Amino acid sequence: MLNFARGRSQPRSTRSMPLSGMEYPDPKRKSNFVGKILMAATLTALCIIMLKQSPNFNTLSRFSEHEEGVTHVLVTGGAGYIGSHAALRLLKESYRVTIVDNLSRGNIGAVKVLQKLFPEPGQLQFVYADLGDAKAVNKIFSENAFDAVMHFAAVAYVGESTLDPLKSSASMLPCLETSECMSPDKVPINPYGKAKKMAEDIILDYSKNSDMAVMILRYFNVIGSDPEGRLGEAPKPELREHGRISGACFDAAHGVIPGLKVKGTDYKTHDGTCIRDYIDVTDLVDAHVKALKKAKPGEVGIYNVGTGRGRSVKEFVEACKKATGVEIKVDYLPRRPGDYAEVFSDPTKIRRELNWTAQLTDLQESLQIAWRWQKAHRDGYAAAS
């Protein structure tokens, strides 16, 4: 601490000086007291000015109040693969975005990329919180004025769900259209799918006595990344084994793992391997934005979001080899518990009601775009973090 007092050989008296039976205050003491008040007032004013100029000060007030012409969207899991791409799209379209993530699956590096792209006050804020903490969630809602929520926070790997069923919270049902998903012969066969259906049932029950606008999007295997190379898929190292096939493909191409493991070659499909509907993350995010714009209070919309075309795992592997330019070693193993033989969408309803159709349907091209990001970010978002 700096000390601006001058040194003295003797202390100066601060008592009043008597004159003709009366006491008069020391004028120097009064001047010193007034100076301290002025100093305190000046420092207070400076602090207020600095606070008002701080981005955090302005951002907080903007996020806590509804603003005409601005839609404030809470993006849960916004530090993750799909959530970060959704946040990017919303920010590009001038939505106000609050990302809530506990970073157990997501990457703070993705958030930092978004913050760098959209640094203006009132555009983006990040809140570190666990949605399983009711107090934290209540606090977030009490301090912010949200107009909509896009919910991406989930434990969403099939393999992991069979090992730890209580953690799983997202899935895709093996159905072609909404009505069939609820029929008795379309019951999910893994914890991953069962948790998804339970969540949908809860939402549907709640909506019966609410005027909330609800849109449920059932999407399939997500691939690709931001075409401009700003964001990509970077799963946590401990989750790679349970992650998407695209992540395993890139790890094999990088030499992180010795090769790909294809589980199941005896399914009733044209080449014996599972058939899946692969949707580019850019198309998927577009579907979410269109659903947000079409949502109506008191109504529920349920849509399959996919290309409508299934590709086998073997076909995917060949596309991956061409996209990366690497002759990836492939080991064929027994089936993985909880996998369906064939899952692809019928996007008729979403095309008819939301005017949405997948545009990026070239499997190899989507993988090439994702591979460019992977090559430029061998350590994921480590540099941004």
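The values are calculated or read from the model by the stated rules, or taken from the named source; none is laboratory data. Everything numeric here is computed off the predicted structure, so don't read it as measured data. Every residue, glycine as well, gets a Cβ built from its backbone with ideal geometry; the counts of neighbours run over all protein chains shown. Areas reflect the complete protein model, heavy atoms only, side chains present, ligands, DNA and RNA absent. Shrake-Rupley method; radii C 1.70, N 1.55, O 1.52, S 1.80 Å.
Here are the numbers:
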quantity: P(r) histogram, all alpha-carbon pairs of region 246-376 included - 10 Å bins from 0, percent; calculated: 12, 35, 32, 17, 5, 0
quantity: Pairs from Lys294/Lys321; Lys236/Lys349; Lys139/Lys349; Lys194/Lys349 whose Cα-Cα separation, in the structure shown, is over 32 Å; calculated: Lys294/Lys321; Lys236/Lys349; Lys139/Lys349
quantity: Within the accessible area of region 100-158 (1.4 Å probe), percent carbon and sulfur; calculated: 54
quantity: Fully extended contour minus Cα-Cα distance, from Asn355 to Ala134, at 0.36 nm per residue; calculated: 75.9 nm
quantity: Cβ-based net charge around Glu228, under 11 Å, with every Lys or Arg adding one and every Asp or Glu removing one; calculated: +2
quantity: Accessible heavy-atom area order of Ser225, Ser210, highest first, probe of 1.4 Å; calculated: Ser210, Ser225
quantity: Stokes-Einstein D in µm²/s, Kirkwood radius over Cα pairs - region 210-285 at 25 °C with 0.890 mPa s viscosity; calculated: 163
quantity: Modelled FRET efficiency - R0 22 Å, Ala376 with Val256, Cβ distances, 0.05 increments; calculated: 0.90
quantity: Around Trp373: net Lys/Arg minus Asp/Glu count, Cβ-Cβ under 11 Å; calculated: +1
quantity: Förster radius 35 Å - calculated FRET efficiency between Glu228 and Val149 (Cβ-Cβ, nearest 0.05); calculated: 0.85
quantity: Region 316-385 - charge dipole about Cα centre, Lys and Arg +1 at Cβ, Asp and Glu -1, debye rounded to 20; calculated: 140
quantity: Ordering of 320-332, 130-142 by burial proxy (mean other Cβ atoms within 10 Å per residue, highest first); calculated: 320-332, 130-142
quantity: Additional length obtainable on full extension of the chain from Leu38 to Ser207, 0.36 nm per residue less Cα span; calculated: 54.9 nm
quantity: Alpha-carbon Rg with Dmax, taken over region 309-385, Å; calculated: 16.5, 44
quantity: Charge context of Ala145, other residues only, Cβ under 13 angstrom, K/R +1, D/E -1; calculated: -3
quantity: Per residue, in Å², the accessible surface of region 91-162 once ligands and nucleic acids are set aside, probe 1.4 Å; calculated: 49
quantity: Listed residues Asp379, Asp346, Asp205, Asp339 arranged by accessible area, highest first, probe 1.4 Å; calculated: Asp379, Asp205, Asp346, Asp339
quantity: More than 13 angstrom apart: percent of Cα pairs within region 68-123; calculated: 54
